[in-house]
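Student: I'd like to ask you about the structure that follows.
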Amino acid sequence: MGEFEAIGDVVTGGMIGRAVEPAAGEADGHTQEKACLNCGCALVGDYCYCCGQKAHVHRTLRAFGHDLLHGALHFEGKTWKTIPLLVWKPGELTRRYIDGERAKFVSPVALFLFTVFLMFAIMGMTGTLDPDTRQLQADLAREIRQSGEKIQELEAERVQAVKQGLPTARIESRLEDERSELAAMRKVRIGPAAVTGEIEREGVPGWLRGFVDKTSANPELVFYKVKTNAYKFSWALIPLSVPFVWMLFPFSRRFRMYDHTVFVTYSLCFMILLLIAGNTLGLVWPSIASLLFFVPPFHMYRQLKGTYQLGRWGALWRTSLLVGFAFAAIGLFTALIVGVGEV
């Protein structure tokens, strides 16, 4: 059932994206009616100039299937023009869209909606969103046991060193590190059977302490809330991220909030696609998938440089700030959806 629900999510996402961005600039079908069947205006060309409806309305099952695939997946010219630019020349794509080239590309909103649905559908099919807590508990228990055995070995080694009159400073240092690590592992809670511990709150801002306390008390519950609410409130990543991009160009008269919003939305689309690729690749080559972690800063640099027409140095220092801002936005988003789950 999970696989069918995931496939349904993909189709739903595509249809929502298509509703946000109806056909623009494409021409298929043939004009046969003399007047628009929707509004009655005289037809000139393949589309009605009054309401925008296609001149010819298909009335066959084959046409219905074509419209379903066309509307849900939108795998046609605009997609294949948008995705390659988004991956390799994101700055050019963003700047061209801002400057008015709309019919050539999938809009950032439509692409964002589709990628979000696709991400949760694929992760649902691969089981990424449903971790085996029993396996996690078993792994944690094994690590705790091995750490305890290591401490016993070091204590025995220290006793022997004392008997032989040898220095014990190095052994004491290793013992201290091992005990600290063991104490930290014993504070981790995975499911109801593990030990509840507290996350260190020192240095955490007051407005975040409630979220930190909830995470410390029951991380599994927090993960569940993130999983269930992230799908519904993924759009919130856009307004949460835009102010951070604005901070890179404060009070700029050249670049306005619209520019930053398009930048953020296309950037999020790429990051979601990268997450999908990493999740899929990780099923086969985990070591190679881990290398994708280094892609986001490079992509941010190229998108900043092209979108805002920056020099190399200007793009570099803004990229370094943007990486930090991205983590802050993700933290705010996580706190938001966990808080929403309490309502």
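Student: Of (1) open to solvent by less than 70 Å² (accessible area, probe 1.4 Å); (2) under 16 Å from the mean Cα position of the chain (by Cα); (3) of a type in the set (Phe, Trp, Tyr), Phe255 satisfies all except one. Which?
Tutor: Of the numbered conditions (1) open to solvent by less than 70 Å² (accessible area, probe 1.4 Å); (2) under 16 Å from the mean Cα position of the chain (by Cα); (3) of a type in the set (Phe, Trp, Tyr), the odd one out for Phe255 is (2).
Student: Now, a different point. Within the stretch 274-310, can you find the residues that are within 21 Å of Arg256 (Cβ to Cβ) and not hydroxyl-bearing (Ser, Thr, Tyr)?
Tutor: Step one: of the stretch 274-310, the residues within 21 Å of Arg256 (Cβ to Cβ) are 300, 303-310.
Result: Met300, Gln303, Leu304, Lys305, Gly306, Gln309, Leu310.
Student: Let me ask something else about it. Could you say whether any residue in the stretch 141-161 is in a loop (DSSP other than H, G, I, E, B), at pLDDT 65 or above and open to solvent by 90 Å² or more (accessible area, probe 1.4 Å)?
Tutor: So in the stretch 141-161, the residues in a loop (DSSP other than H, G, I, E, B) come out as none.
For the stretch 141-161, residues in a loop (DSSP other than H, G, I, E, B), at pLDDT 65 or above and open to solvent by 90 Å² or more (accessible area, probe 1.4 Å): absent.
Student: A follow-up question, please. Which one of the conditions (1) in contact (Cβ under 8 Å) with a residue 24 or more places away in the chain; (2) surrounded by fewer than 16 Cβ atoms within 10 Å (Cβ to Cβ) does Pro250 fail to meet, given that it meets all the rest?
Tutor: Against the list (1) in contact (Cβ under 8 Å) with a residue 24 or more places away in the chain; (2) surrounded by fewer than 16 Cβ atoms within 10 Å (Cβ to Cβ), Pro250 comes up short only on (1).
Student: Pairs under 6 Å by beta carbon, first residue more than 19 Å from Met119 (Cβ to Cβ) and among the β-branched types (Val, Ile, Thr) in the stretch 281-306, partner open to solvent by 50 Å² or more (accessible area, probe 1.4 Å) and assigned to a helix (DSSP H, G or I), six or more apart or different chains?
Tutor: The qualifying pairs do not exist here.
Student: Filter the stretch 75-109 down to the residues that are over 23 Å from Phe255 (Cβ atoms) and among the small types (Gly, Ala, Ser), then identify the one that is modelled with the lowest pLDDT.
Tutor: Among them, the one singled out is Gly77.
Student: Which condition number does Val343 fail, the rest of (1) within 19 Å of the chain's Cα centre (by Cα); (2) hydrophobic (A, V, I, L, M, F, W, C); (3) at pLDDT below 90; (4) within 20 Å of Leu237 (Cα to Cα) being met?
Tutor: (1)
Student: Give the stretch 102-112 a look and list any residue that's in contact with a Lys or Arg (Cβ under 9 Å, 6 or more places away or on another chain) and open to solvent by 20 Å² or more (accessible area, probe 1.4 Å), or say none.
Tutor: Residues satisfying the conditions are Ala103, Lys104.
Student: Follow-up. Among Leu273, Leu316, Leu281, Leu291, which is open to solvent by 40 Å² or more (accessible area, probe 1.4 Å) and modelled with pLDDT of 95 or more?
Tutor: Working: Leu273 fails: modelled with pLDDT of 95 or more; Leu281 fails: modelled with pLDDT of 95 or more; Leu291 fails: modelled with pLDDT of 95 or more.
Answer to the selection: Leu316.
Student: Only one residue in Gln303, Gln309 is open to solvent by 80 Å² or more (accessible area, probe 1.4 Å), within 18 Å of Glu92 (Cα to Cα) and of a type outside the set (Phe, Trp, Tyr). Which one? Quick ask: steps written out before the conclusion?
Tutor: Details: Gln303 fails: open to solvent by 80 Å² or more (accessible area, probe 1.4 Å).
Of Gln303, Gln309, the one residue that is open to solvent by 80 Å² or more (accessible area, probe 1.4 Å), within 18 Å of Glu92 (Cα to Cα) and of a type outside the set (Phe, Trp, Tyr) is Gln309.
Student: Turning to a different aspect of this structure: Do we find a residue being surrounded by fewer than 16 Cβ atoms within 10 Å (Cβ to Cβ), modelled with pLDDT of 85 or more and in a helix (DSSP H, G or I) anywhere in the stretch 213-233?
Tutor: Taking every residue of the stretch 213-233 in turn, none turns out to be surrounded by fewer than 16 Cβ atoms within 10 Å (Cβ to Cβ), modelled with pLDDT of 85 or more and in a helix (DSSP H, G or I).
Student: Does at least one position in the stretch 28-35 carry a residue that is at pLDDT 80 or above, surrounded by 11 or more Cβ atoms within 10 Å (Cβ to Cβ) and over 39 Å from the mean Cα position of the chain (by Cα)?
Tutor: Within the stretch 28-35, one or more residues are at pLDDT 80 or above, surrounded by 11 or more Cβ atoms within 10 Å (Cβ to Cβ) and over 39 Å from the mean Cα position of the chain (by Cα).
Student: Looking for something open to solvent by less than 90 Å² (accessible area, probe 1.4 Å), of a type in the set (Val, Ile, Thr), part of a loop (DSSP other than H, G, I, E, B) and at pLDDT 75 or above - is there at least one such residue anywhere in the stretch 190-197?
Tutor: no
Student: Quick one: count up the residues across the stretch 91-101 that are part of a helix (DSSP H, G or I) and either of a type in the set (A, V, I, L, M) or open to solvent by 20 Å² or more (accessible area, probe 1.4 Å) (or both).
Tutor: Our first condition is that a residue be part of a helix (DSSP H, G or I); within the stretch 91-101, this holds for 91-98.
Retained after the next criterion (residues that are either of a type in the set (A, V, I, L, M) or open to solvent by 20 Å² or more (accessible area, probe 1.4 Å) (or both)): 92-93, 95-98.
Going through the stretch 91-101 one residue at a time, the tally reaches 6.
The values are calculated or read from the model by the stated rules, or taken from the named source; none is laboratory data. Remember, it's a predicted structure, so these values are computed and weren't measured experimentally. Backbone-built Cβ (ideal geometry, glycine too); neighbour counts: all protein chains shown. The accessibility values were calculated without ligands, DNA or RNA, using every heavy atom of the protein model including side chains. Shrake-Rupley method; radii C 1.70, N 1.55, O 1.52, S 1.80 Å.
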